[in-house]
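Down below is the structure, laid out as structure tokens.
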Amino acid sequence: MSNNEVLIPTVGVITDVRRDTPDIKTFRVVTPNGVKPFEHKPGQCAMLSIPGVGEAMFSITSSPTNTEYMEFSIKKCGCVTEWLHSAEVGQQITIRGPYGKPFPVDDEFVGKDLLFVAGGVGLAPLRSVINYCRHYRERYGSIDIVYGSRSKDDLLDYKEIIDEWSNEEGVNVHLTIDNPQEGWDGHVGFVPNYVKELNFSTNKTAVLCGPPIMIKFTLEGLCSLGFDKTQIYTTLELRMKCGVGKCGRCNVGSKYVCKDGPVFRFDELDELPSEY
Amino acid sequence: MRKCSIDNINDVLKALSEKIPLYLPVDRLDGKATYQKYQEGKVWSNALNTERSAKDFFFPQMENLVEFKTQGKNVEVIDIRDEKQDFIIFGVRACDVKSFEILDRVFLSQPVDTFYKSRREHGIIFSLACSKPNETCFCSVFNIDATAPAGDVTLWKTETEVFFKANTEKGEKILSEIDSLTTECGEETVNEQREKTKKILSKLPLSDLDLTNFGVGKTKALFDSPLWKEMSSTCLGCGTCTFVCPTCQCYDIKEFKVGDKVTRFRCWDSCMYSDFTKMAHGNPRLTQAERFRQRFMHKLVYYPDNNDGLFSCVGCGRCLSKCPISMNIVKVIKRVGGKENE
Ligand SMILES: Cc1cc2nc3c(=O)[nH]c(=O)nc-3n(C[C@H](O)[C@H](O)[C@H](O)COP(=O)(O)OP(=O)(O)OC[C@H]3O[C@@H](n4cnc5c(N)ncnc54)[C@H](O)[C@@H]3O)c2cc1C
Ligand code: SF4
Ligand code: SF4
Ligand code: FES
């Protein structure tokens, strides 16, 4: 019988492990034949599992334009993630996906000035979009990235941000950390305040990813600057098991986050009960 | 339409089960009916319905999905799906037949659940019309005709006879194989029974439940009702209502490990349980009121939203008789649904 069942995963191999922060590592995954497990769009997720430990959903942080492998930035916080953090190169895991509705990179985003706002591990889903938009640079207007975390050591993908994003024409990176720190001459302060200080022009399309409290205040900040909710996107995170809208676990009202999300526009969220 | 004498029904069951495994409601020692595999000596129950619903046949309470072998750093995925054999479910009531359609819309929508699909394709349904509905029945509220249920074959049972009518090709074929045990007949007796039953159905105490305040687009109107908190205040979160319900479809995926072999299985889960939506950074449904609301909003609003207005309740009444605190969907429809129901 051919493997046409979504609940049956395939084997993936971890070919690289990078420590990003004290509690986040980025894992590179390919199939046992050394190729990318499957195609995806920015914002989509995959179910990773370690048989005997469990399965969990993760954003695919690498861009679809990466043809060689897939990457996941994973924060250590429970069974599956702790196990993954102890895994070494060569370890086989299982993978299934892609799941969810992607960011509208090929329609609504086209021709727009883009503003990405991330906090902590929230950069993981955004990195995929950012690198996709950098790859197809001519399709989009200016790109602003506001990224913050507790300290300098908690910034994800720091090397890539500094070496690549910051040096790119038309891409403006605004980093911030919560408290002053030795060796940090950048901005200090919470993300939502920084976004307000930066006083972005309201013609941008914004994407927010991070802890709920950051999302809440950044949204308020952008709206006070004059942004409309139809211009602002985010992703939701609910507990998931199947990934395909059948196990009944991840709904917000009539929408299943695994299938109808995780990407939502704020005016769409206003139509849903606030149960997330 | 064909018929046989009730005295010969065992011959029919025997003949059918010799060709294809057959499951039918049989009274247990405690008097409750459950689906059991037919073999000689098993007697077709006269109970109105089975204690558990028929959903187990297509969506079993527990089923293995896949196996893994782990060795050192290596993982092997073993597809354990096997080719299913045909089977007959005999005597399924109209409400439970309708529940299959409600489950189909979940499991057979893209991407198709192949575990469910293969069972569904191999199941042959002999439905049974009702003639003595119970006071807890309210299938008619959902436009289900208990006097002529769907299925591959429809059965009508009287004191003396059993009538058979094929509705599908599958049904025609299987009936033709037991031709020698049945005789061709007119529909008068069945129609007479149907008319009588329809009168009873229309007078059932719950037959006039009003659903106008539920269905597509009613989330905003109902979500913040203070009644969810009030009505759920004694709910134990035991999940019984979800387990006996023929349309509840939530499941969990879990694993067990023996040596280097890991078996991943799925099992029924319940939105009434406190850890159902628990996550690393919190739980969006912290109190029983939120979980209680989820169950009824799903059946009466969210599911209809996604399925052309179809409700995810078939009025079987199981939750009415099983809830330890006598809470149920009827009370919810009456209270939350507003004054039309008073
Ligand atoms: C769409 C989506 C995208 C995501 N993307 C990412 C991503 O890119 N990166 C990332 O790091 N994460 C991501 N997540 C989160 C991820 O799926 C996991 O939920 C999270 O990493 C925790 O997984 P875990 O299995 O290690 O934790 P779990 O073992 O599930 O534990 C989580 C917490 O729950 C508690 N807990 C667990 N089991 C029990 C129990 N039986 N009883 C009581 N308490 C218990 C523990 O205290 C623990 O702190 C995403 C989730 C979704 C839905
Ligand atoms: S909610 Fe109750 S009455 Fe409705 S189908 Fe489920 S068990 Fe039957
Ligand atoms: S409504 Fe009744 S059966 Fe359902 S979880 Fe609550 S106490 Fe249990
Ligand atoms: S994870 Fe199963 S329905 Fe969304």
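The values are calculated or read from the model by the stated rules, or taken from the named source; none is laboratory data. Just so we're clear, the structure is a prediction, and the values are computed from it rather than from any experiment. Every residue, glycine among them, receives a Cβ derived from its backbone with ideal geometry; neighbour counts consider all protein chains shown. These accessible areas exclude ligands, DNA and RNA; they are computed on the full protein's heavy atoms, side chains included. Shrake-Rupley method; radii C 1.70, N 1.55, O 1.52, S 1.80 Å.
Remind me, relative contact order of segment B:262-342 in percent, using alpha carbon pairs under 8 angstrom and six or more residues apart?
15
Of all alpha-carbon pairs in segment B:1-90, indicate the percentage at a distance above 15 angstrom.
Above the 15 Å cut-off, segment B:1-90 has 70 percent of its Cα pairs.
For segment A:155-276, what's the radius of gyration and Dmax over Cα atoms, in angstrom?
Rg then Dmax for segment A:155-276, in Å: 16.9, 50.
Just to confirm, what accessible area per residue do you get for chain B at 1.4 Å probe, in whole Å²?
Here the residues of chain B average 45 Å² of exposed surface.
What is the distance in Å between the Cα centres of segment A:49-90 and segment B:1-65?
With segment A:49-90 and segment B:1-65 each reduced to a Cα centre, they are spaced 47 Å.
Give me the log10 of I(q) over I(0) for segment B:118-194 at q = 0.11, 0.16, 0.18 Å⁻¹, as the Debye formula computes it from C-alpha points; what are the numbers?
Here log10 of I(q) over I(0) equals -0.33, -0.67, -0.82.
Whole number please: convex hull volume per residue of the Cα set in segment B:151-254, in Å³?
Looking at segment B:151-254, the number lands at 260 Å³ per residue.
Computed on protein heavy atoms with a 1.4 Å probe, what is the summed buried accessible area for the chain pair A and B, in Å² to the nearest 100?
3900
Looking at the calculated P(r) for chain B, what percent of the C-alpha pair distances fall above 27 Å?
Counting pairs separated by more than 27 Å, the tail of P(r) holds 51 percent.
Once Rh is set to the Kirkwood radius over Cα pairs, what Stokes-Einstein translational diffusion coefficient, in µm²/s, holds for segment B:35-79 at a temperature of 10 °C and a viscosity of 1.306 mPa s?
Rounded, D is 109 µm²/s.
If you roll a 1.4 Å probe over the heavy atoms of the protein chains, what accessible area per residue do you get for segment A:114-235, in Å²?
42
Taking every DSSP beta bridge that has both residues in the protein assembly as shown, what percent is antiparallel when rounded to the nearest 5?
Around 65 percent antiparallel, to the nearest 5.
Over its Cα atoms, what ratio of radius of gyration to 2.2 N^0.38 Å does segment B:27-175 give?
1.24
Please list, ordered by chain and number, the residues whose modelled amide H lies under 5 Å from the amide H of B:Val92; skip anything fewer than 5 residues away on the same chain.
Here B:Phe126, B:Ser127, B:Leu128 satisfy the definition.
How large is ³J(HN,Hα), in whole Hz, for each residue of segment B:292-297 in order, when computed from phi with the Karplus curve 6.51 cos²θ - 1.76 cosθ + 1.60 and θ = phi - 60°, using x for Gly and Pro?
Listing the rounded values in order: 4, 4, 4, 4, 7, 5 Hz.
Along Cα→Cβ, 7 Å out, is where each label goes; now give me the distance between the ones at A:Asp228 and B:Asp79 in nm to one decimal.
Spacing of the two 7 Å Cα→Cβ label points: 4.9 nm.
Whole number please: convex hull volume per residue, Cα atoms of the protein assembly as shown, in Å³.
About 173 Å³ per residue, rounded to a whole number.
Using alpha-carbon positions, what is the distance between the centroids of segment B:134-187 and segment B:86-132, in Å?
Distance between centres, Cα-based: 15 Å.
Once you have the alpha carbon radius of gyration of segment B:198-250, what is it after dividing by 2.2 N^0.38 Å, with N set to its residue count?
Its radius of gyration relative to the 2.2 N^0.38 Å reference: 1.52.
Under 26 Å Cα to Cα from A:Lys152, which lysines show up? Leave out anything in the same chain fewer than 8 places away.
Excluding near neighbours in sequence, the set is A:Lys25, A:Lys75, A:Lys76, A:Lys196, A:Lys216.
Could you check the spin-label model distance between B:Ile20 and A:Ser142? Points 7 Å from the Cα along Cα→Cβ, value in nm.
6.9
Expressed in nm to one decimal, what extension gain is obtained for the pair B:Asn64 and B:Val258 from 0.36 nm per residue of sequence separation less their Cα-Cα distance?
My answer for the length gained is 68.4 nm.
Which whole-number value in Å² is the accessible area per residue of segment A:10-99, probe 1.4 Å?
37
Explain nothing, just the number: dipole magnitude of segment A:1-109 about its Cα centre with +1 on each Lys and Arg Cβ and -1 on each Asp and Glu Cβ, in debye rounded to the nearest 20.
220
Subtracting the Cα-Cα distance from 0.36 nm times the residue separation, let me have the gained length for B:Arg105 to B:Asn167 in nm, one decimal.
20.2 nm
Could you work out the relative contact order of chain A? I mean the mean sequence separation of Cα pairs under 8 Å and 6+ apart, divided by the number of residues, in percent.
Reported as a whole number, the value is 17 percent.
Quick one: which residues, 5+ away or cross-chain, put their amide H under 5 Å from the amide H of B:Leu48? H built at 1.01 Å from N.
Here nothing satisfies the definition.
Among the DSSP beta bridges whose two residues both lie in chain A, what percent are antiparallel, rounded to the nearest 5?
In chain A, DSSP labels about 55 percent of beta bridges as antiparallel.
Counting only protein heavy atoms and a 1.4 Å probe, tell me what percentage of segment A:10-99's accessible area is made up of carbon and sulfur.
48
Would you mind getting me the FRET efficiency between B:Val43 and B:Asn134? Use the beta-carbon distance for r and R0 = 22 Å, nearest 0.05.
Using R0 = 22 Å, I get an efficiency of 0.55.
Given the pairs A:Lys246/B:Lys37; B:Lys117/B:Lys322; B:Lys42/B:Lys132; B:Lys3/B:Lys198, which are separated by over 26 angstrom at their Cα positions?
The answer is A:Lys246/B:Lys37; B:Lys117/B:Lys322.
What distance in nm lies between label points placed 7 Å from Cα along the C-beta direction at B:Ser321 and A:Thr15?
6.1
My understanding is that a pair violates if its Cα-Cα distance is over 26 Å; which of B:Lys199/B:Lys229; A:Lys159/A:Lys255; B:Lys199/B:Lys334 do that in this structure?
Beyond 26 Å: B:Lys199/B:Lys229; A:Lys159/A:Lys255.
Using only Cα positions of chain A, each an equal point scatterer, no hydration layer, compute I(q)/I(0) via Debye at q = 0.07, 0.10, 0.14 Å⁻¹ and quote the log10 values to two decimals.
Log10 I(q)/I(0), no solvent term: -0.24, -0.50, -1.01.
Straight-line reach from B:Lys257: which lysines fall under 21 Å, measuring Cα to Cα and dropping same-chain residues less than 8 apart?
Partners found: A:Lys241, B:Lys69, B:Lys73.
Can you tell me what share of the DSSP beta bridges in segment B:1-88 is antiparallel? A percent to the nearest 5 is fine.
Here the antiparallel bridges make up roughly 90 percent for segment B:1-88.
Using the Kirkwood formula on the Cα atoms of segment B:219-336, what hydrodynamic radius do you get, in angstrom to one decimal?
After inverting the pairwise mean of 1/r, the radius is 15.5 Å.
Suppose R0 equals 35 Å; then what is the FRET efficiency for B:Ser274 and A:Glu220 from their Cβ-Cβ distance, rounded to the nearest 0.05?
Working from the Cβ atoms, E equals 0.65.
If I take R0 = 35 Å and measure r between the Cβ atoms of A:Asn203 and A:Glu39 in this structure, what FRET efficiency does the formula 1/(1 + (r/R0)^6) give, to the nearest 0.05?
0.65
Using the Cα centre of segment A:1-57 as the reference point, and only Cβ charges (+1 on K/R, -1 on D/E), how large is the resulting charge dipole? Debye, rounded to the nearest 20.
Value, rounded to 20: 200 debye.
Considering only protein heavy atoms and a 1.4 Å probe, what is the carbon-and-sulfur percentage of the accessible area of chain B?
49
Name the residues of segment A:1-40, by number, that are at least 50 Å² less accessible with every protein chain in place than in the isolated chain; the surface is that of heavy atoms, probe 1.4 Å, without ligands or nucleic acids.
For segment A:1-40, once contacts with the other chains are taken into account, A:Met1, A:Glu5, A:Leu7, A:Ile8 lose 50 Å² or more.
Pick from B:Ala129, B:Ala289, B:Ala94: which residue has the top mean-square fluctuation in a GNM of chain B where Cα pairs under 10 Å get a spring?
B:Ala289
Taking the Cα atoms of segment A:10-99, report the difference between the largest and smallest coordinate on each principal axis, in whole Å and largest first.
Over segment A:10-99, Cα extents along the principal axes are 29, 24, 22 Å.
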